[in-house]
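Everything below concerns the one structure shown next.
The values are calculated or read from the model by the stated rules, or taken from the named source; none is laboratory data. Model, not experiment: these values are computed from the prediction. When we count neighbours, we look across all protein chains shown, and the Cβ atoms used for this are built from the backbone with ideal geometry, even at glycine.
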Amino acid sequence: MSYPQNNAQQSDKSKVVAGVLQIFLGGFGAGRFYTGHTGMAIAQLLTCGGLGVWALIDGIIFLTSNDRTDAQGRLLKS
């Protein structure tokens, strides 16, 4: 009998790495490129991360939220 894996819906990407990238390099959309959200990353790149405000808030939310996902909809690991 085969059992499903415990974390089959968990991404191989880390929310801590995404959050830190977003805080320090969010003007370039680095955290969003890391998680595979290229459309959002390009928008951040073109607006310099919302003049830094959008990038900072996004990075904090990555670090504090437990429901952030990658581009495939899988939860980021802690």
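Number of residues in segment 11-30 that are of a type outside the set (A, V, I, L, M), in contact with a Gly (Cβ under 7 Å, 6 or more places away or on another chain) and farther than 13 Å from C48 by Cα equals 1. Residue pairs whose Cβ atoms lie under 7 Å apart, separated by 6 or more positions or on different chains, with the first residue in segment 52-78 and within 13 Å of Q9 (Cα to Cα) and the second aromatic (F, W, Y), are R68/F62. Number of residues in segment 34-53 that are part of a helix (DSSP H, G or I) and surrounded by fewer than 19 Cβ atoms within 10 Å (Cβ to Cβ): the value is 11.
Return the pairs, sorted by first residue and then second, in which the second residue is assigned to a loop (DSSP other than H, G, I, E, B) and at pLDDT below 95, the first residue lies in segment 1-26 and is acidic (D, E) and surrounded by 10 or more Cβ atoms within 10 Å (Cβ to Cβ), the beta carbons are less than 6 Å apart, and the residues are 6+ apart or on different chains. Nothing qualifies.
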